[in-house]
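Here the structure comes first, spelled out in structure tokens, and everything after it is commentary.
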Amino acid sequence: MILTKSQVRAFYDRFGNMQDSQSFYEDAALDDLIAHADFGQAENIFELGCGTGRFASRLLTKHLSPSASYLGIDLSLSMINIAEQRISEFAGRAKVVQSDGSMSFPLHDHSVDRVICTYVLDLLSESDIQQAISEAHRVLIPGGKFCLVSLTYGETFVSRIVCAMWSTLFHIHGYLVGGCRPIRLNPLFGKLDWSIDYRNVVIQFGVPSEVLIADLKSAPN
């Protein structure tokens with residue numbers, strides 16, 4: 001069951017710092033994303049669903065150019081408060097703001113060279129997923145990269161069992177798994193103006209995550 005935006009906000013307001021406990025299955029996929037997204041060449045970065053700011057802090061500390069700017073948004077005020085503290089040393093070039101839950105990014109057309117979205121599309125409705133992709137298309141410069149990680153379907157015996165259990169809990173009630181369910185990213189980028197630069201499925205502790213980097217080949221009309 002897809003959670004409503006108010007349900008998502010309420011869940012993650014309560015979840016707070018506990019979100020970082022998910023690092024046991026997320027970090028290997030995030031490592032893979034960093035290894036292939038050329039973040040060191042990026043100058044303007046936008047993150048949809050910044051959460052606690054753990055990934056933003058890692059990028060700002062170790063992987064982004066000192067001249068790079070970062071903007072992150074999140075639906076949860078608790079997450080924004082945590083993220084603000086976490087990236088406070090970069091306040092001159094990095095900020096986070098609370099989202100109203102719409103998929104309208106607070107950016108000008110063709111204004112960023114990286115859009116990041118990790119473990120977020122898997123809690124959105126199909127229409128919101130399509131809108132997020134459309135917005136990434138709008139705000140990226142030609143040659144910019146949409147950098148994604150999501151829960152996905154298992155490709156090994158153990159990961160298929162984990163995925164089946166996760167999906168069962170999701171269908172009982174989305175709250176049991178934070179509103180997230182396995183999805184496939186690759187089929188979402190079939191249009192000619194996207195090219196898949198990199199794709200991989202990373203399995204950590206039996207949890208499968210899809211890593212995908214889509215390049216924008218042309219500016220939107």
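When the helix-only estimate is applied to the chain (DSSP H runs of n ≥ 4, each -39,500 (n - 2.57), divided by the residue count), what is the mean residue ellipticity at 222 nm, nearest 500 deg cm²/dmol? Kindly include the intermediate steps, with their values, before the conclusion.
Details: 6 runs with 70 residues, N = 221.
Using -39500 (n - 2.57) per qualifying helix, the result is -10000 deg cm²/dmol.
Given a Förster distance of 30 Å, report the FRET efficiency between Ile196 and Arg14 from their Cβ-Cβ distance, rounded to the nearest 0.05.
My answer for the efficiency is 0.25.
Provide the per-residue ³J(HN,Hα) series for the range 199-207, in order, calculated from phi with Karplus coefficients 6.51, -1.76, 1.60 and θ = phi - 60°, each as a whole number of Hz, with x at glycine and proline positions.
So the J values, rounded to whole Hz, are 8, 7, 10, 10, 10, 10, 6, x, 9.
State the antiparallel share, in %, of DSSP beta bridges confined to the chain, rounding to the nearest 5.
DSSP beta bridges in the chain are roughly 45 percent antiparallel.
Taking a ≥ b ≥ c as the square roots of the eigenvalues of the Cα gyration tensor of the range 29-154, is the shape rounded (a/c under 1.5), prolate (a/b larger than b/c) or oblate?
rounded
Ordered by residue, what ³J(HN,Hα) values in Hz, to whole numbers, does the range 179-191 give under the Karplus form 6.51 cos²θ - 1.76 cosθ + 1.60, where θ = phi - 60° and Gly and Pro are x?
x, 8, 9, x, 9, 10, 7, 3, x, 6, 10, x, 5
Counting Lys +1, Arg +1, Asp -1, Glu -1, what net charge surrounds Ser127 among other residues with beta carbon under 13 Å of its beta carbon?
-2
Which order do the peptides 194-202, 60-68 take when ranked by the mean count of other beta-carbon atoms within 10 Å per residue, highest first? The partial results should precede the final answer.
On the way: 194-202: 16.0, 60-68: 14.0.
So the peptides 194-202, 60-68, ranked by packing, come out 194-202, 60-68.
Using amide H atoms built in the peptide plane, which far-off residues or other-chain residues are under 5 Å from Tyr153 H to H?
Correct list: Ile183.
Please turn the phi angles of the range 111-127 into ³J(HN,Hα) values with the Karplus equation 6.51 cos²θ - 1.76 cosθ + 1.60 (θ = phi - 60°), one per residue in order, whole Hz, x for glycine and proline.
10, 10, 10, 9, 10, 10, 8, 10, 6, 10, 4, 6, 10, 8, 5, 4, 5
For Met1, Met79, what's the fewest-to-most ordering of other Cβ within 10 Å of each Cβ? If you can, show how the numbers build up before the last one.
Numbers: Met1 13, Met79 26.
With the fewest neighbours first, Met1, Met79 line up as Met1, Met79.
For a footprinting-style exposure proxy, rank Phe205, Phe90, Phe146 by other Cβ within 10 Å, fewest first.
Details: Phe205 10, Phe90 20, Phe146 26.
Fewest-to-most Cβ neighbours within 10 Å comes out as Phe205, Phe90, Phe146.
Taking amide hydrogens as modeled 1.01 Å from N in the peptide plane, which residues meet the under 5 Å criterion relative to Thr118, leaving out close sequence neighbours?
Val149
If we count other beta carbons within 10 Å of each Cβ, what is the order of Val115, Val96, fewest first?
Val96, Val115
Out of residues 5 or more away from Gly72 or on other chains, whose amide H comes under 5 Å of its own, with H placed 1.01 Å from N in the peptide plane?
Counting only residues 5 or more places away or on other chains, the set is Glu47, Lys95, Val96, Val97.
With charges only on Cβ, +1 for K and R and -1 for D and E, what is the dipole size of the range 5-216 about its Cα centre, in debye, rounded to 20? Show your work: numbers first, answer last.
On the way: 17 positive and 24 negative charges, 60 e Å.
I would put it at about 300 debye.
Find the lysine pairs in the chain meeting two conditions, Cα atoms under 29 Å apart and a separation of 8 or more places or different chains, and report how many there are.
Going through the chain pair by pair, I get 11.
Which one is right for this structure if Rg and Dmax of the Cα atoms in Å is calculated from it: (i) 21.4, 68; (ii) 16.3, 47; (iii) 17.1, 50?
Checked against the structure: label (ii).
Any read-out appearing in this document is the output of simple, stated calculations on the displayed coordinates, not a laboratory observation. Treat the numbers as computed from the prediction; the structure is a model and nothing was measured. Cβ: placed from backbone, ideal geometry, glycine included. Neighbour counts: every protein chain shown.
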